[in-house]
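The structure under discussion appears below in the form of structure tokens.
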Amino acid sequence: MKLAVLFVILAATPAFAQEKPLCVDASRDGQYNARPLSLHEMLARNAFGNDRRAARLSTTCIHVDRGAIISLHSLTTCIGKGDDVTTTTIDGQREVCRVTGVAPAPESYADAKYRWN
């Protein structure tokens, strides 16, 4: 009987294991992929490694153009609140702003669409 209870406890343990925290490496260019998601949000993920989950970055940017190139910079490895975001449009207009929030994206990086709100 004790062996059966121990087996049930050990079998249930992985179900309670916490998921690894989301970390998009923005310490250097080329470590991540990023693109606009809306007027004030970006979508980012690691370009290399096993963890390719997408992160939704809320920013202080006023207007992120749908075709803008996104550049992220973090003083630590993982992007977080207060880190730099630069958007550049094809005609050279730049906006420098800050990350105000990082959250897991509800959709995959490939499936996410730009929203005009």
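The values are calculated or read from the model by the stated rules, or taken from the named source; none is laboratory data. Note that the structure is predicted; figures quoted are calculated from it, not measured. Reconstructed Cβ throughout: ideal geometry from the backbone, glycine too, with neighbour counts over all protein chains shown. Only protein heavy atoms, including side chains, enter the accessible area calculation; ligands, DNA and RNA are left aside. Shrake-Rupley method; radii C 1.70, N 1.55, O 1.52, S 1.80 Å.
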Computed accessible area, I69, all protein chains, 1.4 angstrom probe, square angstrom: 120 Å²
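Using a probe of 1.4 angstrom, how much of the accessible area of the stretch 57-117 is carbon and sulfur, in percent? Don't jump to the answer; show the numbers that get you there.
Values: 2140 of 3860 Å².
Carbon-and-sulfur percentage of accessible area, whole number: 55.
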Dipole magnitude of the stretch 55-110, debye to nearest 20 (Cβ charges: Lys/Arg +1, Asp/Glu -1, about Cα centre): 140 debye
Spherically averaged projected area in nm², based on the convex hull that wraps the Cα atoms of the stretch 73-117: 4.6 nm²
Backbone HN-Hα couplings from phi across the stretch 69-80 [Karplus 6.51/-1.76/1.60, Hz, Gly and Pro as x]: 8, 9, 10, 10, 8, 10, 6, 9, 6, 8, 5, x
Dipole axis of the stretch 16-117 (+1 Lys, Arg; -1 Asp, Glu on Cβ), positive-most option in N46, A105, T89: A105
Contour excess over end-to-end distance, with Cα ends at Y109 and H63 and 0.36 nm allotted per residue: 14.5 nm
Probe 1.4 Å, protein heavy atoms only - accessible area per residue of the stretch 47-105 in square angstrom: 59 Å²
